[in-house]
Structure formats: structure tokens, C-alpha cells
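In what follows, a single structure is set out as C-alpha cells and then discussed.
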Amino acid sequence: MEHLDLSAKPTPRPDAVARATVQVAAPSPLYQPAIALEFFRSSSTIEEKPAGKPFFSENEKAGGLFSKSARMYLLLEGEIGLTIRKKFFGVVKAGDVFGELWVIAGLPRSATAMAKINCRVLSLDKKQFYAALEKKPEFALMLMSIMVQRLRQSIAKLGTASPVVGAPAKRSDILDRKARADLQAELGWPEPAAFQAGKVIMSSGAVGVFMYVVLAGRVAISVGKSLVEHAGPGAMFGELALVDRSARAATATADTDCKLLAINRNQFLNLVRTKPAFGASLLKSIALRMQQLALQVAQMQA
């Protein structure tokens, strides 16, 4: 996940942003290699890389004139070295998923991945990824748990820091108008939850019962002393606590009068398992938030 310049204040060093968040799905208590293998096998391509050849390069962008098709990978055999600005960062070992954020959200590569020894992988491009989600939607929840784990690490760093200088990110339209209407219909057209400007919707440290989709208005999301983003219509928030059943990581306050679609954990799990498009949208939302918080952590460390 790469940097998005949200502020005119000091520009963080690219290596600082990359250190904060790298496109490798690190081990998580909820990560099950067998499920990952089954997911990839359903739609993937087998590839081999000899030692010394790169899978992708740092700052490579999806859709660029000279870029290859965006792909994510599951390493079957071998070992991959990661470098950032030509400095060794870490390794990917057999059973690990890597490179997923380019496929999920079109984010530039944050590291170079080089085969240290001969490697065999299963790879998915964006079309194959969505096809695999249709067959194995439960994989979205597992991948979400890995990404949430990394996101919470960034949030923990921000939570104890001085306020981050610069304008908060703006996030909306993860779910477009039709997707929001379809979601409301799937949930039985519940009455939206209304919050007046200034009302606290959820508090950091509290137990998470609902996640929310913004239907109208704007919500301010804060971590510690930092206002990190404004969530507008189509944005989602509050899902972290439903994924890992941990306390709320952020505080959400109605920045304007707003209307929200509240989704409880049972509804959330059912949607992820039965509606691949919903799971894919959530993955994109989390990926973009990871990118944004990585930049803010990098500002703090610069």
C-alpha cells in the first residue's frame, strides 16, 4: 500500500510509509493456509520464478502503461525477499499470501518482491480474484482479519501520538447509490439510524455491536487526538470490531446531521459469506484506510 498525499505539511519519507504497511498478509490467529490454498486453486494460475527474478517492483502501479496485470499471490514453494528502497525488509514463506492490495484497491506496490530461491506460486488477477470470491466468499473474512490486524497496529501508534497535522482523508462511495439500496433491501429496509451533528456514534475502547454505512451526511473518525478522516455517503466504518471482536479502535462523531445503516455482527457475517460484492467492498475500504493511516504514521515518525 502506498502513500496518498493528504497534507501539504512535511512529506514523509517513502521508506517510512512502506515500513508502516507492506503488501504481505502476515500470519494471523484466524489465518488458515488450507482455506487460502482452496481459494486460490478455485481460479488461479500457476507460476514459477527462478532465483533472482522479481514478482513485482516497488512503486509499480496498477493500470500503468508499462505495468503487468495486477496480481496477488500464494507462495507454494520457495522463499521471497522483500526490499524497500533497496534495503532488506523481510521474507515471504510458503503458505503466505502477498501482493493482495494491488488487486483489492489498485494501490501501488510498497516493496519489491524477489525470489530468493526458485519459487512456485498460485496467482490471481482482479477478474480471477472476484471469480474466486464468488466460489469461496468466506475467504474475504479471513483476509479481512489479517488486514484488520495490521490496521490496528497503525491505529495503536497513532493513538499515543500528538495530533497529526494536515487535512483528514475523505472517504465515500465505496458503496454507490445502487449498492446501498441493494444492501438496505437485503436487510429488509430497516429504518436508518439518525444522528444529529456533534453526537458520538461510537467511542474508542467500547464494545462493537454494529458497523455502519453512511447513507447521508458526514461522519468524523478520530484516533487518539487525531482526526483521521471524514466518511461520507457510501463509506463504511466500525467493521473492525465485528471482524476480530476486539474493542473499538476509533471514535466516530456525526460531523453533520447524518443517517446511517446499522449492521449487527450476525448480519455482517451473513453478508460476507453470501454476498461476495459486499466482502470485496469491505476489503477495499479497509485497504484504503490502511494506506491513509500508514501515511499518518509515517508523518509522525518523520
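The values are calculated or read from the model by the stated rules, or taken from the named source; none is laboratory data. Keep in mind the model is a prediction, meaning the values are calculated, not measured. Virtual Cβ from ideal backbone geometry, glycine too; neighbours counted across all protein chains shown. Surface accessibility is based on the protein's heavy atoms, side chains included, excluding ligands, DNA and RNA. Shrake-Rupley method; radii C 1.70, N 1.55, O 1.52, S 1.80 Å.
Data for the structure
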| quantity | calculated |
| --- | --- |
| Count - residues of segment 184-220 that are open to solvent by 70 Å² or more (accessible area, probe 1.4 Å) and over 25 Å from the mean Cα position of the chain (by Cα) | 5 |
| Tabulated pairs, segment 72-101, first farther than 16 Å from residue 122 by Cα and part of a strand (DSSP E or B), second at pLDDT 90 or above and hydroxyl-bearing (Ser, Thr, Tyr), C-beta under 8 angstrom, 6+ apart or interchain | 82/112; 83/112; 84/112 |
| Residue, nearest to residue 34 (Cα to Cα), within segment 123-141, restricted to residues that are of a type in the set (A, V, I, L, M, F, W, C) and open to solvent by less than 10 Å² (accessible area, probe 1.4 Å) | 139 |
| Filtered residue count, segment 234-249, keeping only those that are farther than 11 Å from residue 211 by Cβ and open to solvent by 10 Å² or more (accessible area, probe 1.4 Å) | 5 |
| Only listed residue being closer than 26 Å to residue 224 by Cα, modelled with pLDDT under 90 and either among the small types (Gly, Ala, Ser) or out of contact with any Gly (no Cβ under 9 Å at 6 or more places or on another chain) (or both), chosen from 111, 105, 161 | 161 |
| Restricting segment 169-183 to residues that are crowded, with 18+ Cβ neighbours inside 10 Å and in contact with a Ser or Thr (Cβ under 8 Å, 6 or more places away or on another chain), the residue that is modelled with the highest pLDDT | 175 |
| Residue list for segment 133-148, restricted to those being touching a Pro at 6+ places or on another chain (Cβ under 9 Å) and of a type in the set (A, V, I, L, M) | 133, 140, 146 |
| Any hit, segment 221-231, residues being touching a Pro at 6+ places or on another chain (Cβ under 7 Å), open to solvent by 50 Å² or more (accessible area, probe 1.4 Å) and within 22 Å of residue 130 (Cβ to Cβ) | no |
| Members of segment 102-137 found to be closer than 14 Å to residue 57 by Cα and in contact with a strand residue (DSSP E or B) (Cβ under 8 Å, 6 or more places away or on another chain), listed by number | 102, 109, 110, 111, 112, 113, 114, 115 |
| Close pairs from segment 34-50: first more than 20 Å from residue 80 (Cα to Cα), partner aliphatic (A, V, I, L, M) and exposed (fewer than 14 other Cβ atoms within 10 Å of the Cβ), Cβ under 8 Å, at least 6 apart | none |
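The rows are residues; the columns are (1) modelled with pLDDT of 85 or more; (2) assigned to a helix (DSSP H, G or I); (3) closer than 20 Å to residue 105 by Cβ; (4) touching a helix residue (DSSP H, G or I) at 6+ places or on another chain (Cβ under 6 Å).
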position	(1), (2), (3), (4)
28	no, no, yes, yes
39	yes, yes, yes, yes
47	yes, no, no, no
51	yes, no, no, no
58	yes, no, yes, no
62	no, no, yes, yes
67	no, no, yes, no
